[in-house]
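The block underneath contains the structure these notes are about, expressed in structure tokens.
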Amino acid sequence: MPTNMKPVPVGRPTFVGAPRCEHLDRLEADVAIVGVPHSTPYDVQGPVGLSGDAPNAVREQSMRLAPYLTHYNFDFEGDILANRTVRIVDCGDVAMRPGAYQENRRAVSSVIGTILSQGVVPIVLGGDHGVSIPVIAGFESFGPICVVQIDAHLDWRDEINGAHFGQSSPMRRASEMDWVDSMVQIGLRGTGSARLQEVDAARDFGSILVTADELHTAGVEKVLSKVPAGARYYVTVDIDALDPSIAPGTGFPLFGGLSYYEATGLLRGIVSRGCLVGLDVVEIAPSLDTGNTTSFLAAQLILNTLGALAHGGQIGSAATQEGEIAP
Ligand SMILES: [Mn+2]
């Protein structure tokens with residue numbers, strides 16, 4: 001295990017019980033789970049983030065799904081991984097040093113680059129939304145990408161308190177990366193960090209903005225038709241995109257959010273529209289959660305995305321034995 005990774009602790013589960021990754025540079029996998037518990041806060045003197053425990057909370061909740069991977073899933077008309085041998089490994093969390101924000105961001109980007117260089121799809125467990133900045137930066141040699149953000153908020157703040165890498169800035173920072181050539185933001189509603197100037201900046205960049213209201217009214221298929229076709233998609237899911245009735249455990253809940261089927265439909269539709277090259281799920285706050293619903297939802301959305309990839313033949317190989325799930 002390289003020094004920049006912190007393995008899943010003994011006694012705590014990996015994502016769906018997947019094998020622990022021993023060597024980040026020899027993954028031999030289709031997808032790699034990576035926890036990134038912390039980002040760069042706007043206020044370094046402020047309280048610690050709400051999402052630091054989320055990677056392990058999502059891993060634990062994923063174990064409720066693990067026994068049923070080979071059972072019939074009515075949404076997929078077959079087992080979730082399409083009876084394919086899908087190699088999932090859990091790399092643990094990116095190790096971080098307190099206060100060393102720039103160094104920590106570099107470590108995250110380097111880990112993502114190492115995963116991508118092996119043709120493996122990184123699945124990132126945040127962390128708050130600032131986590132997406134160094135993750136997308138890790139695609140520098142692996143572009144171009146279309147960033148699809150599913151989120152209640154715009155996240156286009158240039159800075160807050162003079163800090164540029166916090167949870168309200170990921171889409172602004174992504175827009176500045178040469179390898180990000182398009183952007184779609186779905187689920188926008190209510191008020192948040194954005195003022196008119198941030199909305200104008202997003203539109204000037206060419207970001208395609210889709211409100212939650214538009215999604216509810218027009219439907220998933222109509223919204224998907226706005227996503228550039230045939231692209232290499234990096235999808236970032238802020239769990240606050242979903243309605244607080246099913247995702248209460250988040251720092252900035254807003255009513256009127258996406259339903260489970262809307263979010264799943266978007267993820268499946270994006271996978272079938274092009275090539276999914278990476279995914280993160282961020283902003284889960286276990287201390288605010290109710291019965292671990294939000295972490296469980298995050299685990300299910302990730303598994304559904306893996307299911308879409310497997311059913312589309314984009315990950316895994318035809319199983320040699322019925323129902324085999326390979327390490
Ligand atoms: Mn966000």
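Checked against the criterion of being of a type in the set (Lys, Arg) and under 26 Å from Ala263 (Cβ atoms), the candidates Arg97, Arg172 yield just one match: Arg172.
Restricted to region 107-152, and to residues there that are over 18 Å from Leu209 (Cβ atoms) and hydroxyl-bearing (Ser, Thr, Tyr), the residue that is surrounded by the fewest Cβ atoms within 10 Å (Cβ to Cβ) is Ser141. Of everything in region 45-65 that is touching a residue at least 60 places away in the same chain (Cβ under 8 Å) and outside any helix (DSSP H, G or I), the residue that is surrounded by the most Cβ atoms within 10 Å (Cβ to Cβ) is Ser51.
Could you tell me whether Phe165 is in contact with a Leu (Cβ under 8 Å, 6 or more places away or on another chain) and either assigned to a loop (DSSP other than H, G, I, E, B) or within 11 Å of the ligand (Cβ to nearest atom) (or both)? No; evaluated as a whole, the condition is false for this residue.
Tell me, yes or no, whether region 230-248 has at least one residue that is of a type in the set (Asp, Glu), closer than 23 Å to Thr40 by Cβ and out of contact with any Phe, Trp or Tyr (no Cβ under 6 Å at 6 or more places or on another chain). Looking for residues that are of a type in the set (Asp, Glu), closer than 23 Å to Thr40 by Cβ and out of contact with any Phe, Trp or Tyr (no Cβ under 6 Å at 6 or more places or on another chain), one finds at least one in region 230-248, hence yes. Looking across region 153-179, the residues that are of a type in the set (A, V, I, L, M, F, W, C) and crowded, with 23+ Cβ neighbours inside 10 Å come down to Trp156, Met171, Ala174. The residues listed here are Ala100, Ala107; of these, the one that is in contact with a Pro (Cβ under 9 Å, 6 or more places away or on another chain) and over 20 Å from Pro67 (Cβ atoms) is Ala107. Taking region 10-30 as the range and being in a loop (DSSP other than H, G, I, E, B), charged (D, E, K, R) and surrounded by fewer than 22 Cβ atoms within 10 Å (Cβ to Cβ) as the test, the residues that pass are Arg12, Glu22, Asp25, Arg26, Glu28.
This table checks each residue for (1) surrounded by fewer than 18 Cβ atoms within 10 Å (Cβ to Cβ); (2) among the charged types (D, E, K, R).
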position	(1), (2)
Glu221	yes, yes
Val235	no, no
Gly257	no, no
Tyr260	yes, no
Cys275	yes, no
Val282	no, no
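Per the listing Ile315, Ile302, Ile270, Ile284, the residue uniquely part of a loop (DSSP other than H, G, I, E, B), away from the ligand (no atom under 16 Å from the Cβ) and of a type in the set (A, V, I, L, M) is Ile315.
No value in this document is a laboratory result; all are computed from the given coordinates. The model shown is predicted, which means the values in this text are computed figures rather than measured ones. So basically every Cβ, Gly included, is an ideal-geometry build from the backbone, and we count neighbours across all protein chains shown.
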